[in-house]
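The values are calculated or read from the model by the stated rules, or taken from the named source; none is laboratory data. Everything numeric in this text was worked out from a predicted model, so none of it was measured. Here the Cβ positions follow ideal geometry from the backbone for every residue, glycine too, while neighbour counts run over all protein chains shown. These accessible areas exclude ligands, DNA and RNA; they are computed on the full protein's heavy atoms, side chains included. Shrake-Rupley method; radii C 1.70, N 1.55, O 1.52, S 1.80 Å.
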Amino acid sequence: MGGAALLGGCGFALRQTPPLPFRRIALTGFVADSPLAGSLRQRLADAAQVVDTPGQAEVVLQSITDKRERSVVASTAAGQVRELQLRVRFEFRVVSPGGRELVPANELLLTRDMSYSESFALAKAQEEAELLTAMQDDIVQQVLRRLAQARP
């Protein structure tokens, strides 16, 4: 109980969606099953209404690049993978429905290295999925901060 009072007194608060200067936003350019688009829709729902068409929106978030990449960084002499690098790359811009640029093109790139062992392939697949989800959540937070600066 005392710990909660101390945290409350120091200004600690859980991360929340920053207040946005608009009420309606449209997301365009994402592939149909993009996990990043789903996370953005979910987080934006707290602060604004996500509409289907740009004509209904005050601002439009246009996805230029939305990629998840995986590459081998190190391998043994026998050709077994020992280390992987995971990358999530998201490039976007924010425009008004009329096409006026509110936030210029931004590229967000996150990378994480992870060890790999064929003996623990299932556990490593789980670790990879968790790392990708954490990276995606970080990108969503960064996009929301940039959206908070957009002035329609």
How many residues, within region 88-139, are within 15 Å of Ser71 (Cβ to Cβ), touching a residue at least 40 places away in the same chain (Cβ under 8 Å), open to solvent by less than 30 Å² (accessible area, probe 1.4 Å) and assigned to a strand (DSSP E or B)?
1
Report yes if Gly38 is free of Cβ contacts under 8 Å to residues at least 40 places away in the same chain, surrounded by fewer than 11 Cβ atoms within 10 Å (Cβ to Cβ) and not in a strand (DSSP E or B), otherwise no.
no
Which of the following residues is touching a residue at least 24 places away in the same chain (Cβ under 8 Å), under 20 Å from Thr17 (Cα atoms) and surrounded by fewer than 18 Cβ atoms within 10 Å (Cβ to Cβ): Gln80, Gln85, Gln56, Gln49?
Gln49
Qualifying position, being more than 15 Å from the chain's Cα centre (by Cα) and among the acidic types (Asp, Glu), among Glu69, Glu127, Glu107:
Glu127
